[in-house]
Ligand SMILES: [Zn+2]
């Protein structure tokens, strides 16, 4: 576009908005600062829920305190269309993909990203789960191309996401790439931009995205929880570092200011917990990691939209200059859309804080599902059906991931048994340990629609329980190192465990822990096949690659030697479900907890 035609367009925009103002404001208002409206519509933690999520994942407390069914792509689309106007920019706060149902996961989440494109999404922060298949796979999702191992999906070559993924605190560990291209954006400030980058590091992702609306630029800064390396498999992100969110946001904010963008919104994949049962419009968030960032980032940042904790809240916090700043989150799985209306001052190009109004809308299923998206979801459902509906085993009753007082769950135990069985031969495993957070759903006797009530477990149901495609691995630990791993289950130790995470043991491994004993001497009486474990004994321990890499703050796993890699965790689980049919829930009697 030539500068003259740009000028004409800009003038046309000014005349149009001026006309609206003159028609609606009293005569003496012509001296008032003129503003233009912007509406943000935000989603977070969609996790590939193209089909309406089931169980508690598909329910939500609404503004009236009623628990209602919520979520599903076709319902999200209907609500988005109803809420959108010509001033709308659709945004998201990460975990759109990763830990997804089979309908999305079987195609490396391309269906979910395509759905986001169809919704008109413009910018998304990366979440930790965007890194589940590694940085290179995230770049493929962003940029296009077929999967290097599985090839193209049935929809053909992947074209890449149409929206921008941003992550200002994701940097390369060691990379001296030229920063000239970014610096050039700064025009006369390019030297300063270069200085900022050399002080800081080289971004592995675009740190910001600038979207124009009604003649003003709005800058979106992406942030992802700096704890990502402890909750994502290490190999895929080995070249990356995840730095302090506040520092990164402030550098990005400075960059935006240098290029003249003062309307600034943080899209952040970090958040807080809420008081249960509260309205999604309540600020019931208990201040934590999300609140720290929302209150501490630069006063130039006007709004902080969050994610990660799967909670819904609308808060007003104080920024460091003492001004109100909206801090919100919209639940998860497409159950809530956050609407933020704001006015941007045309002269200062900044958001007028007093104009910011936010509202969380529950994605109810009492509306007509969007026909185009319904068809789109059905197409993928048909494609995956032969895999998903295949019966893989039978159960006698619900086998749940609900923890007994010891922290063990029947399903966690069953998975640990499957992992030991799958690693005994090649890896010489003697015991298996499974992280409880990786048991993503329960197996229910009556869920499978095609086999209602008969205890049949389908591949699709098994996949919902074990969706990560982790590899099974085996390492050698000494008895003392194994004890350290178990001590690391509890808070209070040097490994910074945020809350107690009891590993699920295979049936041949038993031990006792004391709740009241000091950290480091909680665990006792370890036995394998009834034989006491000694400190110096070598033990082949099976676990998924996430745990073996020190995931969930189990650092002692990294002391393991003689690493062996075996089958996928889902394959081990499916194999187990095919044995001893029908399978009864295992008794949760492997760990003895005493006060
Ligand atoms: Zn997350």
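The values are calculated or read from the model by the stated rules, or taken from the named source; none is laboratory data. This is a predicted model, so every value here is computed, not measured. All Cβ positions, even for glycine, are placed from backbone atoms using ideal geometry, and neighbour counts span all protein chains on display.
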- Per the list (1) assigned to a strand (DSSP E or B); (2) touching a helix residue (DSSP H, G or I) at 6+ places or on another chain (Cβ under 9 Å), residue check on residue 236 breaks on (1)
- Can you pull out the helices (runs of 4 or more DSSP H) entirely within the stretch 102-177 that have at least 1 residues that are modelled with pLDDT under 95 and more than 16 Å from the ligand (Cβ to nearest atom)? 102-105
- Might you let me know whether the stretch 241-259 holds any residue that is within 16 Å of the ligand (Cβ to nearest atom) and either more than 23 Å from the chain's Cα centre (by Cα) or touching a residue at least 40 places away in the same chain (Cβ under 8 Å) (or both)? yes
- Message: Given (1) within 22 Å of residue 167 (Cβ to Cβ); (2) crowded, with 24+ Cβ neighbours inside 10 Å; (3) touching a residue at least 60 places away in the same chain (Cβ under 8 Å); (4) within 16 Å of the ligand (Cβ to nearest atom), identify the lone condition not met by residue 290.
- Response: (3)
- Query: How many residues are exposed (fewer than 13 other Cβ atoms within 10 Å of the Cβ) and in contact with a helix residue (DSSP H, G or I) (Cβ under 9 Å, 6 or more places away or on another chain) if we restrict to the stretch 502-531?
  - Reply: 1
- Task: Tell me, yes or no, whether the stretch 409-421 has at least one residue that is in a loop (DSSP other than H, G, I, E, B) and either within 27 Å of residue 310 (Cα to Cα) or modelled with pLDDT of 95 or more (or both).
- Result: yes
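Yes/no per residue for (1) under 20 Å from residue 580 (Cβ atoms); (2) not in a strand (DSSP E or B):
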position	(1), (2)
394	yes, no
423	yes, yes
460	no, yes
464	no, yes
467	no, yes
481	no, yes
486	no, yes
490	no, yes
495	no, yes
- Task: Could you please let me know if residue 44 is within 16 Å of the ligand (Cβ to nearest atom) and closer than 30 Å to residue 215 by Cβ?
- Result: yes
- Single unsatisfied condition, residue 284 versus (1) more than 16 Å from the ligand (Cβ to nearest atom); (2) at pLDDT 95 or above; (3) surrounded by 19 or more Cβ atoms within 10 Å (Cβ to Cβ); (4) within 25 Å of residue 58 (Cβ to Cβ): (2)
- Task: Output the number of residues of the stretch 505-539 satisfying the condition of being touching a strand residue (DSSP E or B) at 6+ places or on another chain (Cβ under 9 Å) and not in a loop (DSSP other than H, G, I, E, B).
- Result: 16
- Message: Could you check the stretch 349-392 and list, in sequence order, the residues that are loosely packed, with under 15 Cβ neighbours inside 10 Å, at pLDDT 95 or above and in a loop (DSSP other than H, G, I, E, B)?
- Response: 366, 367, 368
- Item | Failed condition for residue 277, given (1) at positive phi; (2) more than 16 Å from the ligand (Cβ to nearest atom); (3) within 17 Å of the chain's Cα centre (by Cα) | (3)
